[in-house]
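These notes concern the structure reproduced below.
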């Protein structure tokens, strides 16, 4: 099994027991301190929030519904490594009666708690959350640019943003090193669970081969050395999780759109407007072929209307090829300006259909990189 050595290190550190103890004791208190990642809940957000939560003795919160989370096969495999079940986790969900925390079969009203949050890998939290009087942010660790101005940034006690880091978990590791000091070395077995941070770092940097900063390399090398896990074991786990992520072909389209989805507010000039973007590991041709054009477009239309977006992007990357599908019309020359820096557009039509136009771009043009370009475009409209 490709993750046996990881499981052994985590077992010796009692990570699972520590995590479950936090859930049982802290979630029942009136004032709850949490660590929460972004609503896309990728490996960076999920693992980072749970490792930092245990270090800080705060409740890690999954910023996604349990139903959508359960579709993410790579994170289900991570749970196996952690010796934690989906029913153990705490989810933040929006129900008809408002925001709630969900754990197992129990639901706790968000409004009944005084919540202090450390946000990681977030860019910007849901605007609706920030308007809740019982919700405050005290610390931010991120590797995304600040796109939206907010008093939130002026009121936090700690702000760590490094745009060069390939993974937010590299920054979290740096923060933990400072927080723990010599204890991390003296109690290396007890803090062996920090090795989990390697997983998103190698995923986000293609095992230190792309978008890599020295902070990423240092994190991986030091954690492997600290836990005596060979690089080959980390490579095997990385390959297994990479394969597990490619699971959309067996998932309904309305769920695919929510598995790695982020909503964005327009710049101040477009106050009240939003757009959205979903990243997928599913080829657009295969997706359209599976669902058919009519179902594919109707599912998109329903999702966009439900979210009240002005426009929406699917960011597809599979087998090293990145393509975008644009639903809606943000304005003239949008693809050229945002995807090709004003240059020539490289587009094609699935089945020769103009309604199924896709844009082939640089494989490195991730959501993190295209979002600022979209903001700059919208600011000029």
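Values computed for the structure shown
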read-out: Whichever residue in segment 42-61 is outside any helix (DSSP H, G or I) and out of contact with any strand residue (DSSP E or B) (no Cβ under 6 Å at 6 or more places or on another chain) and, among such residues, is nearest to residue 92 (Cα to Cα); value: 42
read-out: From the options 292, 283, 328, residue that is in contact with a strand residue (DSSP E or B) (Cβ under 8 Å, 6 or more places away or on another chain), modelled with pLDDT of 95 or more and within 24 Å of residue 249 (Cβ to Cβ); value: 283
read-out: Total residues in segment 80-101, condition touching a helix residue (DSSP H, G or I) at 6+ places or on another chain (Cβ under 7 Å) and without any contact (Cβ under 8 Å) to a residue 12 or more places away in the chain; value: 2
read-out: Selected residue (criterion: farthest from residue 207 (Cα to Cα)) from residues of segment 265-277 that are modelled with pLDDT of 90 or more and surrounded by 16 or more Cβ atoms within 10 Å (Cβ to Cβ); value: 274
read-out: Among residues of segment 348-381, those that are closer than 28 Å to residue 204 by Cβ, touching a strand residue (DSSP E or B) at 6+ places or on another chain (Cβ under 9 Å) and outside any loop (DSSP other than H, G, I, E, B), counted; value: 10
read-out: Verdict on residue 303 being touching a helix residue (DSSP H, G or I) at 6+ places or on another chain (Cβ under 6 Å) and either more than 24 Å from residue 254 (Cβ to Cβ) or in a helix (DSSP H, G or I) (or both); value: yes
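The values are calculated or read from the model by the stated rules, or taken from the named source; none is laboratory data. Predicted model, so just to flag it, every value in this text is computed and none were measured. Here Cβ is always computed from backbone atoms with ideal geometry, including for glycine, and neighbour counts include all displayed protein chains.
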